[in-house]
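Visitor: Structure provided below as structure tokens; questions to follow.
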Amino acid sequence: MVSSPVVNTYPLSSYTFGTKEPKMEKDTSVADRLARMKVNYMKEGMRTSVEAILLVQEHNHPHILLLQIGNTFCKLPGGRLKPGETEVEGLKRKLNGKLGANSPALQPDWQIGECVAVWWRPNFETIMYPYCPPHITKPKECKKLFLVHLSEREYFAVPKNLKLLAVPLFELYDNVQRYGPVISTIPQQLSRFQFNMIPA
């Protein structure tokens, strides 16, 4: 695990992007997803998920890489941990699944950094909070966001049914309508870091 108040960000142009087979979502709707979460909760208890904040820079400003599904919905790469899996192992597995090439030689060197935010889902509903409400004794999900320190050159293989977007921090800030409460608060979570913009 890497812990540093300084985050090196490299130009978007120093990364190579390819494609790979589509990665289909397990659920076709939010209702389906919440229903599946309920079934898994009965079997395994609270869902623990991890998501990655991948930073690059464009025009000397930090950008976050987001996966876009369809034309509107954006999400951070990541997902659910398997029972007994550590957060770092699980996040590397999820990142390889979402953005890693099929060839082991091209797999990115994921340097998992600090946990910058923890979100809680109290019930089988879409709403999440950056704290666990005091009257909730059995939350349904805990989601942790980790900063991932990228190397200067990497190859990302994007599933054909998804788009990988580099979104500037200023566009995310306070933009709950477009990005939802979790992603739109990432600029505040990252405000304690110093960005070292490394030129191309």
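The values are calculated or read from the model by the stated rules, or taken from the named source; none is laboratory data. These numbers were taken from a predicted model, which means no experiment stands behind them. Quick reminder, even Gly has a Cβ in these numbers, built from the backbone with ideal geometry, and neighbours come from all protein chains shown. To get the accessible areas, we keep the full protein, side chains included, count just its heavy atoms, and leave off ligands, DNA and RNA. Shrake-Rupley method; radii C 1.70, N 1.55, O 1.52, S 1.80 Å.
Visitor: For the condition in contact (Cβ under 8 Å) with a residue 60 or more places away in the chain, over 18 Å from residue 154 (Cβ atoms) and not basic (Lys, Arg), what is the one hit in 83, 22?
Guide: 22
Visitor: Something else now. Of the conditions (1) on the phi > 0 side of the Ramachandran plot; (2) touching a strand residue (DSSP E or B) at 6+ places or on another chain (Cβ under 7 Å), residue 149 satisfies every one except a single condition; which number is it?
Guide: Going through (1) on the phi > 0 side of the Ramachandran plot; (2) touching a strand residue (DSSP E or B) at 6+ places or on another chain (Cβ under 7 Å) one by one, residue 149 breaks only (1).
Visitor: In addition: Taking the condition open to solvent by 50 Å² or more (accessible area, probe 1.4 Å), touching a residue at least 40 places away in the same chain (Cβ under 8 Å), part of a helix (DSSP H, G or I) and not aromatic (Phe, Trp, Tyr), does residue 181 pass?
Guide: Yes: the conditions hold for residue 181.
Visitor: On to the next question. List the pairs whose first member sits in region 40-56 and is without any contact (Cβ under 8 Å) to a residue 40 or more places away in the chain and assigned to a strand (DSSP E or B), whose second member is surrounded by 21 or more Cβ atoms within 10 Å (Cβ to Cβ) and not basic (Lys, Arg), and whose Cβ atoms are under 9 Å apart, counting only residues at least 6 apart or on separate chains?
Guide: Between residues of region 40-56 that are without any contact (Cβ under 8 Å) to a residue 40 or more places away in the chain and assigned to a strand (DSSP E or B) and residues that are surrounded by 21 or more Cβ atoms within 10 Å (Cβ to Cβ) and not basic (Lys, Arg), there is no close pair.
Visitor: Do you know which of the residues in region 13-49 that are of a type in the set (Val, Ile, Thr) and within 23 Å of residue 137 (Cβ to Cβ) is surrounded by the fewest Cβ atoms within 10 Å (Cβ to Cβ)?
Guide: 39
Visitor: Having 1 or more residues that are of a type in the set (Ser, Thr, Tyr), in contact with a helix residue (DSSP H, G or I) (Cβ under 8 Å, 6 or more places away or on another chain) and surrounded by 14 or more Cβ atoms within 10 Å (Cβ to Cβ) is the bar; report the strands (runs of 3 or more DSSP E) wholly within region 62-160 that clear it.
Guide: Passing ranges, in order: 155-159.
Visitor: Looking at region 5-43, which of its residues are small (Gly, Ala, Ser) and over 25 Å from residue 72 (Cβ atoms)?
Guide: 13, 14
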